[in-house]
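*Asks:* Submitted below is the structure of interest, expressed as structure tokens.
The values are calculated or read from the model by the stated rules, or taken from the named source; none is laboratory data. None of the values given here were measured: they were computed from a predicted structure. Every residue, glycine among them, receives a Cβ derived from its backbone with ideal geometry; neighbour counts consider all protein chains shown. Surface accessibility is based on the protein's heavy atoms, side chains included, excluding ligands, DNA and RNA. Shrake-Rupley method; radii C 1.70, N 1.55, O 1.52, S 1.80 Å.
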Amino acid sequence: MRQPGADTVLVRHADLGVKSGQVQTEMERRLRDNIEALLDDRGIDAEVERRWSRLLVHASEDTVDAAADAAADAFGVRSASPALVVPSEEDAIVDALARTARENAAEAENGDAEAEETIQPGDAFAVDARRAGNADAHPFTSKDLEREGGAAVWDELDDPEVDLSDPAATFYVECREHEAFVFTEKRPGPGGLPLGTQAKVVALVSGGIDSPVAAWEVMKRGAPIVPVYLELGDYGGPDHEARAMETVRRLAEYAPNYEMPVWKVPAGDVMDALVEEVGAARMLVYRRFMYRVAEHVARETNATGIVTGEAIGQKSSQTARNLGVTSTAADMPIHRPLLTMDKNEITERARRIGTFRDSTIPAGCNRIAPDFPETNATAEIVDNAEPEALYERAKEAAENATKVEL
Ligand code: ATP
Ligand code: MG
């Protein structure tokens, strides 16, 4: 259902309520800046205001829809509602609810809107009203609003039905001291914390489906990323690289006010050496090398950890035992937000955040994995397989990285 007359977006944030006053203020400011940057990046002319424990985006009737989408893309947002603002008086609120029902019913009748987007004859509805703040501010209660508003909506609809537990359509009212917000939807945001409220993390991005999702998950918790891509020569190739770059470009759209150049690290020579010299433990040696590279970049950029798209048992190098053995190469924490997820869940998430398509550009590249990879390594096996000076080469590779601005 659409909200006629909406020109303001009511934005609810997610986890911030549990923080102390000062931390919460800091976080709300950051969220406001981030939403402003998203609006600006999309050419939407609107103002963001912090009010109560909400943010309000003052847009116009023409831009409110796009502004709500922008707000719902900001990390830290639980939901965003395009809202009609009226004085917090019973008549005004009831009239607004009646108008909302009337215009949506007319759209359904004219077939103007997608069937599921508007209220159809016979659909059950509910009015959900709340008053926030001073309990004595109004001569009416939220129950009064629900009853009077419900009756007014009923009169406007064709063959209406009321169902408070499982309505097809809900008419919401949030009543504050001087104004009331009337709205029909809560567009879900990602939740989490505003980007920039945590320290940076190095994100190992491969151009596969998993790694951009993992990077997005730490961004969702407020940590900006430093993307690192290892260029593997004959074992990577231009298509691989293009996928990695495109997925980072997509991630950057969620964070227009953050710089995130990709650190492109030359690792073709090391890969050649590993394919030549290392057998069953090759992938594990490669993983250890990769973590070391990431750690150097983290030190260089003041990042505090490494995030990867690994999941238990997804590949031979990711068995629980192998993750244990490879992780010891790094002194920093390696974060694996996809650790327990199945591939189909990860894929679904990649589609939702918009990185899936770029991750599946066909990439012709040679296979690195040995025919019979080690799945049950010990530290000793991997140590013995490791070529001379591997860690020095990791340092050197990181120092020779080029930063690709997207
Ligand atoms: P993805 O996991 O991104 O879908 P993949 O499955 O091809 O790609 P894996 O072999 O599963 O990659 O690698 C596990 C993780 O290691 C990746 O999620 C990514 O974090 C990191 N990684 C792999 N290859 C590279 C690379 N060339 N550059 C940077 N990081 C990489
Ligand atoms: Mg993977």
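*Asks:* For the list (1) in a loop (DSSP other than H, G, I, E, B); (2) at pLDDT 90 or above; (3) of a type in the set (D, E, K, R); (4) open to solvent by 50 Å² or more (accessible area, probe 1.4 Å), I need the number of the one condition that Arg367 fails.
*Replies:* Unmet for Arg367, out of (1) in a loop (DSSP other than H, G, I, E, B); (2) at pLDDT 90 or above; (3) of a type in the set (D, E, K, R); (4) open to solvent by 50 Å² or more (accessible area, probe 1.4 Å): (2).
*Asks:* Does segment 162-185 contain at least one residue that is out of contact with any Phe, Trp or Tyr (no Cβ under 9 Å at 6 or more places or on another chain), modelled with pLDDT of 95 or more and over 24 Å from Leu10 (Cβ atoms)?
*Replies:* no
So that you can scan it fast, the table gives a plain yes or no per residue for (1) assigned to a helix (DSSP H, G or I); (2) in contact (Cβ under 8 Å) with a residue 24 or more places away in the chain; (3) open to solvent by 60 Å² or more (accessible area, probe 1.4 Å):
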residue: Gly279; (1), (2), (3): no, yes, no
residue: Tyr286; (1), (2), (3): yes, yes, no
residue: Asp331; (1), (2), (3): no, yes, yes
residue: Met341; (1), (2), (3): no, yes, no
residue: Thr347; (1), (2), (3): yes, yes, no
residue: Arg352; (1), (2), (3): yes, no, yes
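*Asks:* Ok, one more. Please go through segment 314-329 and pick out each residue that is in a loop (DSSP other than H, G, I, E, B) and either within 27 Å of the chain's Cα centre (by Cα) or near ligand 1 (Cβ under 10 Å from one of its atoms) (or both).
*Replies:* Gln314, Lys315
*Asks:* Give me the residue from segment 299-313 that is in a loop (DSSP other than H, G, I, E, B), in contact with a strand residue (DSSP E or B) (Cβ under 9 Å, 6 or more places away or on another chain) and open to solvent by less than 50 Å² (accessible area, probe 1.4 Å) and, out of that set, farthest from Ser211 (Cα to Cα).
*Replies:* Ala303
*Asks:* Looking at Asn376, Asn400, Asn302, Asn322, which is the one that is assigned by TED's automatic domain parsing to the domain that holds Val226, touching a residue at least 40 places away in the same chain (Cβ under 8 Å) and at positive phi?
*Replies:* Just a single option satisfies the conditions, and that option is Asn302.
*Asks:* Return the residues of segment 193-205 that are of a type in the set (Gly, Ala, Ser) and either in contact with a Phe, Trp or Tyr (Cβ under 7 Å, 6 or more places away or on another chain) or closer than 19 Å to Gln24 by Cα (or both); say none if nothing qualifies.
*Replies:* If the condition is that a residue be of a type in the set (Gly, Ala, Ser) and either in contact with a Phe, Trp or Tyr (Cβ under 7 Å, 6 or more places away or on another chain) or closer than 19 Å to Gln24 by Cα (or both), then Gly196, Ala199 are the ones that fit.
*Asks:* Within segment 370-406, take every residue that is hydrophobic (A, V, I, L, M, F, W, C) and not in a helix (DSSP H, G or I) and give me the one that is nearest to Ala74 (Cα to Cα).
*Replies:* Leu406
*Asks:* Any idea how many residues of segment 271-307 are under 26 Å from the mean Cα position of the chain (by Cα) and within 16 Å of ligand 2 (Cβ to nearest atom)?
*Replies:* 5
*Asks:* Select the strands (runs of 3 or more DSSP E) contained entirely in segment 12-104, then report the ones holding at least 3 residues which are out of contact with any Phe, Trp or Tyr (no Cβ under 6 Å at 6 or more places or on another chain) and loosely packed, with under 15 Cβ neighbours inside 10 Å. I'd like the intermediate steps shown before the answer.
*Replies:* Working: elements: 47-51, 54-58, 77-87.
Filter on segment 12-104 gives 47-51.
*Asks:* When only residues in segment 165-211 that are assigned to a loop (DSSP other than H, G, I, E, B), more than 16 Å from ligand 2 (Cβ to nearest atom) and among the hydrophobic types (A, V, I, L, M, F, W, C) count, which is surrounded by the most Cβ atoms within 10 Å (Cβ to Cβ)?
*Replies:* Out of the qualifying residues, it is Leu195.
*Asks:* What tally of residues in segment 257-270 results from selecting those that are buried (at least 22 other Cβ atoms within 10 Å of the Cβ), within 18 Å of Ile368 (Cα to Cα) and either within 16 Å of ligand 2 (Cβ to nearest atom) or not small (Gly, Ala, Ser) (or both)?
*Replies:* Summing the residues that are buried (at least 22 other Cβ atoms within 10 Å of the Cβ), within 18 Å of Ile368 (Cα to Cα) and either within 16 Å of ligand 2 (Cβ to nearest atom) or not small (Gly, Ala, Ser) (or both) in segment 257-270 gives 2.
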